[in-house]
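The block underneath contains the structure these notes are about, expressed in structure tokens.
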């Protein structure tokens, strides 16, 4: 009251008026009288309008708050700087979200000038966030905040920070001792601090948690049970073993002790691999799949046969890369996919067509008409060949049906079906036998960015700009599962080799792994600094590799969702990833027109340690002005790439 | 409203006002202007950010208008087809029944058919090649050039005509930089801008780094002379001779290996019957004289006991001189060449023959109707007098009087005598 009396400025007068009007409105006459008396104001002719009164009162409140919040934030920055080095890294994690929250508070409190001053003062302290800060700075009004794909979530979701108990206590005592209630409030409202026992995080771990969009994944999420193993058939299992080391042990000689040892070694390795893959595998039938047909079994056996004697890529054995260049494809072709045996290439085009090419001499045949099919003798041995029309053979096939650009295509495991999705919010299933569209799957509300088949067929997933991942089965035209939780567009999908989980990468810089059985997110992987653009599981299922738009490739251990390694050699978006058949090599392609080959076995063996590119990078090949759209490894570990020539 | 005035990215109020005026709104107030500016900015930013997503997902290197368009139009899931206009029907009566048929718009087929068909875009094609074979990149056109050439522009060097010839004739490869330099140099040497040309040509006499492009340069000059002679473009020949002259002065390079090409070309310039379009008006005599000087320079600087260039050249010229039916223009050229080769050559080759030569020239001139022959005769006389008089004085000091001269050299002797006896010159008669 004393302060009010002394106030002489117009602003304070107005405030006083507002308080009086408020009291009058609430019919608190005694107080009003007292205030009038004390403030020496007579008459009530100048009582304020209700709206005006509200505005004045709220501004007063927020202005007071804001100034205090700014000073408290300054004190926090100093405190973090002066804190013990051990805790400094973890404590500094709090600064960025608080910085954003205070800035947004100022903007929402209609104080853009103050907000700008605050921004200019503290922006230099937010290292590694330069791109995000540009977006933040462009927010100058409430509408802008709602339109921002990144910062709109800061008001509605909690930013997750993981820190050790000691660091957290340190922070708390600083805030409480100085009674920085405003910051505590902000932390309570908008931050979630996931406290764990143990030592503070290492710098490498801190670097990962530094540039995510909404903080880190919670440990509790990543502790859920996940069946990341794969039940390989025994024949495949032995075929996947390192051919170099165990190759010649199949010969005559148990008598030769050297060979015997080798054979023992091989058996041991088989057991080890079996243990590794099978102990964590889901029970067969956890996700129901239709039984394999006779042709599928034959094809699979042929595949396993072909795997033996494959090329092994190491530093000494450099990779061989065959590259399919799409000419006249700049601004025409958006995406590409290769079949498992690398004989078919499917592309999705800007002009809404899906085009399929045969890459070997086998032409693409169309099935005969129904009337002709009727006349065939089903008992005939060559019935499979006879149902195809010999005259229809062609090297390529164009499928029309989409009503807008196609953004992703996927060929199924036995080359009979193509899946495509695009701007028209649909995913479409095409038959390569009848050359027609079979189903148009509609559930997405916005552009569908990506689609992926399960490696075992039958199920597939789609994801789009509506932030949903949808699981479909070929049996139903309605979704089987809706996976929601991502805060940004779904930009990349991959189905686990055991066909039980879907991994999705998003523009919110997180990767989530969804359980197809229960529908819940069993892993949430954070650490990328940009939109995730490519994902691939290792063939044995225990690793996930992801690439982002900034050119970084991260390797994740699925057993606990921890980060294993970072591989960075790309200077542009990593558009595609592929692993060799036994999982020993990773190939990555990017918009920077390079194909990089990485030594995965080395990366896995030296997890958690600093890796130099000389050790991990086997080869880097530059294409001629052709961004790489897709990569695959053939059964003999020949790397096959697809790119579009974009001069 | 919010104060944004000092924000640099803001759309200016002038442009907002201009837009408002274009739709007929005059005097838009400041608040509206500021609101519009903020909103426009916000929309543009949002649109751009969304367009970037489309760019990323189409795996495109550049942001195109298509990406913007897609970002601007939020896709609407299609569940059924709709029509922009309400359907219209018309009634038709047939055999007493009323039938309503859809009233379809009639399209004039002729206009469609008569229009030229739009250009069909090139279809996408797939081409396969080896990007890497066991770690090494094959050097094929499908793969990018090696790392060393990275700095050099990939532009093909075909803009001047001679390069292809150069490539097929030249004995060894030259680097991209050298090719670029060669292209630049030759283009400038034949430039029509005198300043540029002089500068480039002059650089030939000083540049020490010419050795690598020398094979191509000589081919360029030789071919240039050939073309110039064929098309009777004297200025062209002149440029080439200037280049040769400057090359000759360059101490850092050695022309020995190219003499077998250069010398015949230069001699051609001297003796060719016609080297210009209008021989009566243009001073081709000067060019021939210039060529003769260059020949002399070449012979002088490269004559060795092993190659005997001098004797071979003299032999050739002498042989040409003795030809009875050669044109007077050619004779001039031969004489100019011989006279430039030094006093010894003149005294041993020219002087003994001078009487016969001149008689033949006069005879030919008398019988010929061609005015060019008269010119040639004058030039030959002038040349012989100018070049030979002093040699006579030096090598035949026994000739003292006009009569001696006339007796020895025929009609031209008198003039030579007077040339020698010209005031200011050394007068042997005084002895």
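How high is the relative contact order of chain A, in percent, counting Cα pairs under 8 Å that sit 6 or more residues apart?
Numbers: 1319 pairs, mean separation 64.5, N = 647.
For chain A, the relative contact order is 10 percent.
Taken along the Cα-to-beta-carbon direction at a fixed 7 Å, the label points for residue B:178 and residue B:29 span 7.8 nm. With r as the distance between the Cβ atoms of residue B:127 and residue B:324 and R0 = 56 Å, compute the FRET efficiency 1/(1 + (r/R0)^6) and round to 0.05. Between residue B:324 and residue B:127 the formula returns 0.25. Counting only alpha carbon atoms, the long axis of helix A:181-190 and the longest principal axis of chain A meet at about 30°. Between residue B:366 and residue B:390, the modelled label-to-label distance comes to 3.3 nm, taking each label 7 Å out from Cα in the direction of the beta carbon. Look at B:236, B:35, B:405 and count the other Cβ atoms within 10 Å of each Cβ; fewest to most, that gives B:35, B:236, B:405.
Using Cα pairs closer than 8 Å and at least 6 residues apart in sequence, work out the relative contact order for region A:321-644, in percent. Taking the mean separation of contacting Cα pairs over the length of region A:321-644, I get 12 percent. Where both bridge residues fall in the protein assembly as shown, DSSP classifies roughly 90% of the beta bridges as antiparallel.
Here the contact order of region B:346-418, divided by its residue count and restricted to Cα pairs under 8 Å and six or more residues apart, works out to 39 percent. With Cα atoms defining each centre, region A:441-505 and region B:288-321 are spaced 88 Å apart in the structure.
Placing a label point 7 Å from the Cα of residue A:225 along the Cα-to-Cβ line, the residues of region A:261-288 whose backbone N sits under 18 Å from it are A:277-288. A Förster radius of 35 Å combined with the Cβ-Cβ distance from residue A:155 to residue A:610 puts the calculated FRET efficiency at roughly 0.40.
A simple spin-label model places pseudo-atoms 7 Å from Cα toward Cβ; at residue B:398 and residue B:308 they are separated by 3.0 nm.
With a 10 Å cut-off around each Cβ of A:315-324, the average count of Cβ atoms from other chains is 5. For residue A:520 and residue A:560, the FRET efficiency from 1/(1 + (r/R0)^6), where r spans their Cβ atoms and R0 equals 30 Å, is about 0.95.
For the pair residue B:211 and residue B:68 in one chain, pulling the backbone fully straight at 0.36 nm per residue adds 46.0 nm over the alpha carbon distance. Taking the C-alpha atoms only, the angle from helix A:112-122 to the longest principal axis of chain A is near 60 degrees. Give the distance, in whole Å, between the Cα centre of region A:396-430 and the Cα centre of region A:295-311. Centre-to-centre distance over Cα atoms comes out at 27 Å. Multiplying the residue separation of residue A:192 and residue A:286 by 0.36 nm and removing their Cα-Cα distance gives an extension gain of 30.4 nm.
How would you rank B:261-273, A:304-316, highest first, on the average number of other Cβ atoms within 10 Å across their residues?
Ranked from most to least packed, the peptides come out as B:261-273, A:304-316.
Once the Cα-Cα distance is subtracted from the 0.36 nm per residue extended length, the residue A:301 to residue A:125 segment shows a gain of 57.5 nm. The spacing between region B:372-416 and region B:19-49, judged by their C-alpha centroids, is 96 Å. Against chain A, whose longest principal axis comes from its Cα atoms, helix A:85-108 is set at around 70 degrees.
Each reported figure results from applying straightforward, stated rules to the coordinates on display, with no laboratory input. In this text the structure is predicted, and so the values were computed from the model without any measurement. Glycine also receives a Cβ, built like all others from the backbone with ideal geometry; neighbour counts cover every protein chain displayed.
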